[in-house]
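A quick write-up on the structure given underneath.
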Amino acid sequence: MSALTVSVSTAPSPDWDDFVRTREASIYLLSNWALLARDVFGHHALFVEARHADGRLAGVLPIVQQKSLLGNFMTSIPFFNYGGALADSREARFALMDRARQIARAARCSYLELRDTDPSSDGWSARTDKVTMILQLPATTDALSKALGSKLRSQIKRADRETIAVRTGGRELLDSFYAVFAQNMRDLGTPVYPKRFFAAILERFSEHATLVVIDHQGVPSAAAFLVIDGARAEIPWASCRAQSKSVGLNMKLYWEVLRHVIERGSTSFDFGRSTMDSGTFKFKKQWGAEPQQLYWHRWERDADPAKAGVAAKESRLMRYATSVWQKLPLGIANALGPLVSPSLPW
């Protein structure tokens with residue numbers, strides 16, 4: 001067994017990103033995503049590194065602490081579906097996870113969550129209530145159209161009978177994207193992220209981030225935020241105004257998104273996380289996407305099963321808060337949402 005040294009810093013080492021890029025790893029493990037949470041929201045970002053005796057990196061694990069009146073917890077990493085430890089051996093992986101657990105305990109966090117796609121062991125429990133939906137893309141949009149079938153093609157074409165325009169770009173489309181996204185979040189009863197969060201992503205990851213907006217009768221009505229990393233494309237956020245779904249703009253949006261990423265050379269498309277057999281799961285399934293299990297490993301300060309009643313009460317309170325938020329005027333929701341959302345366990 002090789003000797004490993006594990007260290008923790010508030011800044012990544014110069015070889016961190018090279019270590020991530022030379023492996024089949026999520027783009028969100030690059031150091032700038034954790035720094036984004038620090039710089040935009042003021043969260044505490046830490047970089048856990050494991051090294052071999054000769055100084056070579058053996059593994060990396062970014063963690064972000066969210067501490068506010070709403071709670072104190074750590075995630076690798078928040079706001080996205082992927083994180084966890086990236087290592088060249090099982091030994092290094094568990095060394096990183098163990099150090100993160102020590103950090104969370106010392107910081108008196110209620111829990112630590114590592115958002116992995118592979119199962120662990122070594123005494124870690126895992127949330128397995130979520131899957132991500134992955135579509136393997138054909139080489140051309142014609143091949144995709146044939147694979148979708150006549151019913152789905154008909155739903156997509158419904159929007160073509162309307163006065164619509166499709167725009168694809170970057171920072172110049174942010175206001176249009178945000179107008180649709182903010183209304184959709186209010187309708188879902190969820191506090192919206194501040195616009196500066198998306199602006200920072202578009203600035204720091206301009207080669208990876210793309211916006212797609214569909215205007216209906218001159219008004220932005222459906223919009224998507226894409227993150228494209230080589231052959232992999234992901235849609236972390238997509239929204240459609242409720243009144244525009246009846247004319248098929250939600251279907252048209254996903255078609256335009258898929259066409260765009262195929263033309264850019266993507267070979268897989270990540271529809272994002274869902275609960276098995278939920279409405280969003282079924283929506284993504286109809287496009288041909290297949291579920292991939294997510295393993296969100298957790299350490300909890302108080303994992304007493306007797307606390308189940310407390311968890312149930314918290315769930316009821318969350319449903320109540322959601323119903324109240326849905327009734328807020330849009331202007332108030334948009335003003336309050338950015339104050340609340342950075343502290344939520346996304």
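The values are calculated or read from the model by the stated rules, or taken from the named source; none is laboratory data. Because the structure is a prediction, the values reported are computed rather than measured. Using ideal geometry, Cβ is built from the backbone for each residue, glycine included, and neighbour counts are taken over all protein chains shown. Just the protein is used for accessible areas: all its heavy atoms, side chains included, with ligands, DNA and RNA removed. Shrake-Rupley method; radii C 1.70, N 1.55, O 1.52, S 1.80 Å.
Within segment 176-188, track down each residue that is open to solvent by less than 10 Å² (accessible area, probe 1.4 Å) and either touching a helix residue (DSSP H, G or I) at 6+ places or on another chain (Cβ under 6 Å) or at pLDDT below 95 (or both). The one that is open to solvent by less than 10 Å² (accessible area, probe 1.4 Å) and either touching a helix residue (DSSP H, G or I) at 6+ places or on another chain (Cβ under 6 Å) or at pLDDT below 95 (or both): Ala182. As a summary of the residue check, Val166 satisfies the conditions (1) touching an Asp or Glu at 6+ places or on another chain (Cβ under 6 Å); (2) crowded, with 18+ Cβ neighbours inside 10 Å except for the one numbered (2). Residue count for segment 8-25, restricted to those that are of a type in the set (Ser, Thr, Tyr), without any contact (Cβ under 8 Å) to a residue 12 or more places away in the chain and either closer than 20 Å to His43 by Cα or assigned to a helix (DSSP H, G or I) (or both): 0.
Residue by residue, here is whether (1) open to solvent by less than 10 Å² (accessible area, probe 1.4 Å); (2) modelled with pLDDT of 95 or more; (3) over 17 Å from Ala224 (Cα atoms) holds:
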{"position": "Thr132", "(1), (2), (3)": "yes, yes, yes"}
{"position": "Gln136", "(1), (2), (3)": "no, yes, yes"}
{"position": "Asp160", "(1), (2), (3)": "no, no, yes"}
{"position": "Gly170", "(1), (2), (3)": "no, yes, no"}
{"position": "Leu174", "(1), (2), (3)": "yes, yes, no"}
{"position": "Pro191", "(1), (2), (3)": "no, no, yes"}
{"position": "Phe197", "(1), (2), (3)": "yes, yes, no"}
{"position": "Arg204", "(1), (2), (3)": "no, yes, yes"}
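Output yes when any residue across segment 242-254 is touching a residue at least 60 places away in the same chain (Cβ under 8 Å), touching a strand residue (DSSP E or B) at 6+ places or on another chain (Cβ under 7 Å), in a loop (DSSP other than H, G, I, E, B) and surrounded by 13 or more Cβ atoms within 10 Å (Cβ to Cβ), and no when none is. Looking for residues that are touching a residue at least 60 places away in the same chain (Cβ under 8 Å), touching a strand residue (DSSP E or B) at 6+ places or on another chain (Cβ under 7 Å), in a loop (DSSP other than H, G, I, E, B) and surrounded by 13 or more Cβ atoms within 10 Å (Cβ to Cβ), one finds none in segment 242-254, hence no. Cβ separations smaller than 8 Å between residues 6+ apart or across chains give the following pairs from segment 190-207 residues that are under 10 Å from Phe41 (Cβ atoms) to residues that are at pLDDT below 95 and hydroxyl-bearing (Ser, Thr, Tyr): Tyr193/Ser341; Pro194/Ser341. Selection of segment 29-70 for residues being out of contact with any Ser or Thr (no Cβ under 8 Å at 6 or more places or on another chain) and farther than 30 Å from Leu339 by Cβ yields Asp54, Gly55, Arg56, Val60. Arg93 fulfils the conditions (1) assigned to a loop (DSSP other than H, G, I, E, B); (2) open to solvent by 30 Å² or more (accessible area, probe 1.4 Å); (3) without any contact (Cβ under 8 Å) to a residue 60 or more places away in the chain except for a single criterion, (1). Would you call Val64 closer than 25 Å to Glu234 by Cα, assigned to a strand (DSSP E or B), touching a Phe, Trp or Tyr at 6+ places or on another chain (Cβ under 6 Å) and open to solvent by less than 30 Å² (accessible area, probe 1.4 Å)? No; evaluated as a whole, the condition is false for this residue.
Taking residues in segment 279-305 that are closer than 21 Å to Ser110 by Cα and of a type outside the set (A, V, I, L, M, F, W, C), and partners anywhere that are exposed (fewer than 12 other Cβ atoms within 10 Å of the Cβ) and at pLDDT below 95, the pairs with Cβ atoms closer than 6 Å and at least 6 places apart or on different chains are Tyr295/Pro119. Out of the residues in segment 290-346 that are open to solvent by less than 70 Å² (accessible area, probe 1.4 Å) and among the β-branched types (Val, Ile, Thr), which is modelled with the highest pLDDT? Among those that are open to solvent by less than 70 Å² (accessible area, probe 1.4 Å) and among the β-branched types (Val, Ile, Thr), it is Val340. Condition check for Leu35 on (1) in a helix (DSSP H, G or I); (2) buried (at least 23 other Cβ atoms within 10 Å of the Cβ): one failure, at (2).
If you go through segment 98-124 and keep only what is surrounded by 13 or more Cβ atoms within 10 Å (Cβ to Cβ) and among the polar types (S, T, N, Q), you end up with Gln102, Ser110, Thr117, Ser120.
Does Ile235 satisfy the criteria of being within 23 Å of Ala165 (Cβ to Cβ), among the β-branched types (Val, Ile, Thr) and under 13 Å from the mean Cα position of the chain (by Cα)? Judged against the criteria, Ile235 is a match.
The residues of segment 70-90 that are touching a residue at least 40 places away in the same chain (Cβ under 8 Å), surrounded by 17 or more Cβ atoms within 10 Å (Cβ to Cβ) and in a strand (DSSP E or B), listed by number, are Phe73, Thr75, Leu86.
Residue check: Thr5 meets all listed conditions (1) over 26 Å from Gln66 (Cα atoms); (2) assigned to a helix (DSSP H, G or I); (3) in contact with a strand residue (DSSP E or B) (Cβ under 6 Å, 6 or more places away or on another chain) but one, namely (2).
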